[in-house]
Amino acid sequence: METRVKNLAADHVDAQTEYLYRYVRSETESFGAHYHDYYEIFLTLSDGLTHTVNGVKTKLANGELVFVRDFDYHLYSCKKPSSFVNIAFSTATFDCMANYLGDGFPRDKLLVAKMPPSVMLESNDKNRLLADFSELNTVNFDDKKMLKTRFRILLTDIFARYFMNIRTDETNGTPYWLERCCEKMKQPQNFICGTEKMFELSQKSREHTTRSLQKHYGLSPSEYVNKLRINYAANLLINSNLSVTDICYECGFGNMSWFYELFRAEYGMTPRQFRTDN
């Protein structure tokens, strides 16, 4: 019977900062299968790394961000020189972050998935995150209180930015490119530009994007974009003192009558009535 190696936070995580940051180059490190009583995230900085976890081998691409839980039994291996950043952190730190983010944070989804949740970062996101990781090394090593605070800020940003809508093995089969496109379209600077921006972000043909969106979301591109715009408008009506006219154009609508028609269809009242009632 296999004896599984368990790494302990007491040996691998700083007790005061509650994390350990490491930049790892494969040619200077030997890896053995293990699990641990803490969590970790790692960001690949090159191709060629294989992650065997819970009996499943996965080839990781440059820029992949992975969240490893305390029950994941895993092993890194590579056939060519590879590198990654690894941060181990206490379960208590994760709990504090999850509690702060509230019930909208998909804590259970992340912790019960059979395989470690992961996301493929685009080049600019990868470089931004790597710079943020590196910034931890600029803090005075003896200033444990500041290190702990800076790390918690970074960890919260990582999970809020990249793991809020993460795919897991329970995901309903929606293609990753489509989920990523729809997440990007939720940014005002994108949905204001309309469906053409969606086709651009999808990096697929108009026809393929339209068919896929209808299949997995039950909406046409224009319906998806208009729902985002109307939701944005409703929030602006409550949370700003902009006029209804200004809000109409701020959300990307070309005319007031179309805005009113869509808003009434969604909320059963005019924008002015909505603002008065809320």
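The values are calculated or read from the model by the stated rules, or taken from the named source; none is laboratory data. The structure presented is a predicted model; accordingly, all values stated were derived computationally and were not measured. Neighbour counts are summed over all protein chains in view; Cβ atoms, including those assigned to glycine, are modelled from backbone coordinates with ideal geometry. Quick note on the areas: whole protein, heavy atoms, side chains included, nothing else; ligands and nucleic acids left out. Shrake-Rupley method; radii C 1.70, N 1.55, O 1.52, S 1.80 Å.
How many angstrom lie between the Cα centre of the range 119-138 and the Cα centre of the range 25-69?
Cα centroid of the range 119-138 versus Cα centroid of the range 25-69: 17 Å apart.
Over the chain, what is the relative contact order in percent, taking alpha-carbon pairs closer than 8 angstrom and at least six residues apart?
Contact order relative to length: 14 percent.
Return the calculated 222 nm mean residue ellipticity for the chain, to the nearest 500 deg cm²/dmol, obtained by summing -39500 (n - 2.57) across DSSP H runs with n ≥ 4 and dividing by the residue count. Please list the in-between numbers first.
On the way: 13 runs with 132 residues, N = 278.
Rounded to the nearest 500, the figure is -14000 deg cm²/dmol.
When the accessible area of the range 64-181 is computed with all protein chains present and a 1.4 Å probe, what percentage of it is carbon and sulfur? Working shown, then result.
Values: 3010 of 5760 Å².
Result for the range 64-181: 52 percent of the exposed heavy-atom area is carbon or sulfur.
Between S257 and M115, what's the calculated FRET efficiency when r is the beta-carbon distance and R0 is 51 Å? Round to 0.05.
Rounded to the nearest 0.05, the efficiency is 0.55.
Report the charge-dipole magnitude of the range 55-173 in Debye, nearest 20, computed about the Cα centre from +1 at each Lys and Arg Cβ and -1 at each Asp and Glu Cβ.
I would put it at about 320 debye.
What span do the alpha-carbon atoms of the chain cover on each of the three principal axes, reported in whole Å from largest to smallest?
Computed over the chain, the largest-to-smallest principal extents equal 68, 43, 34 Å.
Where the eigenvalues come from the Cα gyration tensor of the range 43-91, what are the semi-axes √(5λ) of the equivalent ellipsoid, largest first, in whole Å?
For the range 43-91, the semi-axes come out at 18, 14, 8 Å.
Over the range 201-278, with every protein chain in place, what whole percent of the accessible area is carbon and sulfur at 1.4 Å, could you tell me? Each step should come with its number before you reach the end.
On the way: 2130 of 4560 Å².
That fraction is 47 percent.
Can you compute the modelled spin-label distance between L219 and R128, with each label point 7 Å from Cα toward Cβ, in nm?
2.3
Say each of Y23 and V139 gets a label point 7 Å from the Cα, pointing the same way as Cα to Cβ; how far apart are those two points in nm?
The modelled label-to-label distance comes out at 1.8 nm.
So how much slack lies between N54 and L8, counting 0.36 nm per residue of separation and subtracting their Cα-Cα distance, in nm?
Here the answer is 14.7 nm.
If N is the number of residues in the range 48-199, what value comes out of its Cα radius of gyration divided by 2.2 N^0.38 Å?
1.14
Excluding ligands, DNA and RNA, what is the solvent-accessible area per residue of the chain at a probe of 1.4 Å, expressed in Å²?
For the chain, the per-residue accessible area is 53 Å².
Under a 1.4 angstrom probe, counting protein chains only, how are T209, T3 ranked by accessible area, largest first?
T3, T209
So what is the diffusion coefficient of the range 62-120 in µm² per second by Stokes-Einstein at 10 °C and 1.306 mPa s, using a Kirkwood Rh over Cα pairs?
Reported coefficient: 118 µm²/s.
Treat each spin label as a single point 7 Å out from the Cα along the C-beta direction, and report the S77 to D37 distance in nm.
That separation, rounded to one decimal, is 2.9 nm.
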